[in-house]
Amino acid sequence: MSRYQSVFKDEAKLDINYIPHRLPHRDKELRLLMEFFSFMLQFPEKMAQRVLITGDIGTGKTVLAQRFGEEITREANRHNISIRYVHVNCREYRGSLFLILQHIVSDFHPNFPKRGYSAEELLRNLVQMLDEEKVYVILTLDEFDSLIEREGSDAVYKLTRMQEGRQNKPQRLSLICILRSLDSISHLDASTRSTLQSNIINLKKYSREQLTDILNDRVAVAFKPSTVPEDTVDLTAELAYSENGNARFGIELLWRAGKYSDAEDLSSVTPECVRQAFSSIIATVRKSDLASLNFHSKLFLLGMTRLFKESQKANASLAEAEKAYAIVCEEFKIRPNSHTQLWKYLQDLSTIGILKTEVSGTGSRGRSTLIYFQVSTDELGNELKMVLEKEGA
Amino acid sequence: MDVEDVFSSRARMKILKILAQVGELNGSEIARRLGTNYETTSKHLKALEDESLIIHKVFGRIRLYRLNEHSVKAKAVQNLLEVWERFQ
């Protein structure tokens, strides 16, 4: 393969800021969001909406809100209503309401002065601007907990209650607040809390199958055809699932694995590329962990690293691992240990975190144990060979 | 005001030039860029506003000034400034 060929078709589709057209397994939530705001498309001046989106890291909260922003803007244009969707990450503005409001104001008046007034004045000015432009804003406050941490109940109260002083005037500002859990709002005063909690969308952690779907979608738009085999996607999904079902982690892993593939001039992104990528994010196996293993554990591990290197698969069965171990024992002229002993070694290795095991579904011969590596098997194999040769000598 | 009175003031020309370049600015920032105090700047701003060359919008305590897009004279000044900059 020539030096300048890449497995990527469009790397930007793996960027953290990319908003995909399709959000697998979040259709229901997207429809729910559209439902919450459907009234706004008919009578925008009559109601300001408030929605909370909660969920762990990597469950799609940000991308859901952004996708919704695109949809609602498109729908609003169809209805000849001027809706502006603004997405703000509160942590980027150090949780400061003042800085957040300045960001929004600068959309309308880029040269608005940066000082000389309070956050409350700025909020009033913002509403005045919206009145003059006849615009309705849906403001998403991402990482909302950092705003609560810094500003407390007062700021949130101002934002949520600001429109109550405007009798018979259009309701200009709707809020979507994104946070990891409802715990963050527990120390707000009861009144503010009740205002925010009117509509809650909770995003559950992705399952392995859901992560596979998400990753397959990204592979289709980001990589050239046939450069990312099923095994690679499966392994990436498995690793993302082990990181708390974090889809964003999985997507980053795919990107890094693609980079490793390009760096080694490969024609496809192999499971080993994924393992190398994972190692580069997560600390590799410590030398002390290897040193703590007994001789046969190390032989068993070496056999497995060679098996993975040869097969280029994402996982292997215990039976395959035992065969590979037997070959290594022959090489070192040592009698192999029993199946029961190997099973124990496997548990120890899993406890240390060098590999993971999983019992596969029932087949015609019953269930079998599958072995996955989370670290680079090439690097591990090289390290083991050196250590074993020293010990054997 | 006659045209020679408008153009004979360096400060007033500079205000028009600044607004033609950035679009919109508050009084304090205009004074800062002019290098004069707020009071003197306000007099010039008022003179230009009386000629309908500029207008302002109030947001609380902030006054944002810009060239009057509905004024033929303001358009003519803007064109003059653009040509002058291009062939400087």
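Derivation of every value follows stated rules applied to the coordinates shown; laboratory data play no part. None of these values were measured; they are calculated from a predicted model. All Cβ positions, even for glycine, are placed from backbone atoms using ideal geometry, and neighbour counts span all protein chains on display.
Brief remarks follow.
- Each peptide among A:256-264, B:31-39, A:40-48 gets the average number of other Cβ atoms lying within 10 Å of its residues, and from highest to lowest they stand as A:256-264, A:40-48, B:31-39.
- Applying 0.36 nm per residue to the separation of A:Val359 and A:Phe108 and subtracting their alpha-carbon distance, the gain on full extension is 84.6 nm.
- Amide H contacts of A:Asn202 (H built 1.01 Å from N, under 5 Å, at least 5 apart or other chain): A:Thr54
- For chain A, DSSP calls about 30 percent of its internal beta bridges antiparallel.
- Shape of the stretch A:136-288, Cα gyration tensor, a/c cut at 1.5: prolate
- Summing +1 for each Lys or Arg and -1 for each Asp or Glu among the other residues whose beta-carbon sits under 15 angstrom from that of A:Arg172 gives +3.
- Folded to 0 to 90 degrees: helix A:271-281 orientation relative to chain A principal axis, Cα: 60 degrees
- Each residue in A:Thr305, A:Thr232 was given a count of other beta-carbon atoms within 10 angstrom of its own, and listing them fewest first yields A:Thr305, A:Thr232.
- Only helices enter the 222 nm calculation for chain A: every DSSP H run of n ≥ 4 contributes -39,500 (n - 2.57), and dividing by all residues gives -16500 deg cm²/dmol, rounded to 500.
- Using R0 = 45 Å, the C-beta based FRET efficiency linking A:Gln197 and A:Ser226 works out to 0.40.
- Here the alpha carbons of the protein assembly as shown define both size measures, Rg and Dmax, at 31.7, 108 Å.
- Model label points for A:Ser267 and A:Tyr157, set 7 angstrom from Cα along the Cα-to-Cβ axis, are 6.8 nm apart.
- Chain A, relative contact order in percent, only Cα pairs under 8 angstrom and at least six apart counted: 18 percent
- Cα gyration tensor category, rounded, prolate or oblate, for the stretch A:30-153 with a/c compared to 1.5: oblate
- Residue with peak Gaussian network fluctuation, chain A [Cα springs, cutoff 10 Å], from A:Gly69, A:Gly95, A:Gly116: A:Gly116
- With R₀ fixed at 45 Å, the C-beta to C-beta distance from A:Asp131 to B:Val3 puts the FRET efficiency at about 0.75.
- Förster-model FRET efficiency, 56 Å R0, A:Ile281 and A:His339, C-beta, rounded to 0.05: 0.95
- Helix A:230-242 and the longest principal axis of the C-alpha atoms of chain A enclose an angle of approximately 70°.
- Separation in nanometres of the label points that stand 7 Å from Cα toward Cβ, at A:Asn80 and A:Leu99: 4.2 nm
- Rg of the Cα atoms in the stretch A:293-393, relative to 2.2 N^0.38 Å, amounts to 1.03.
- Rounded to the nearest 10 degrees, the inclination of helix A:61-78 to the longest alpha-carbon principal axis of chain A is 40 degrees.
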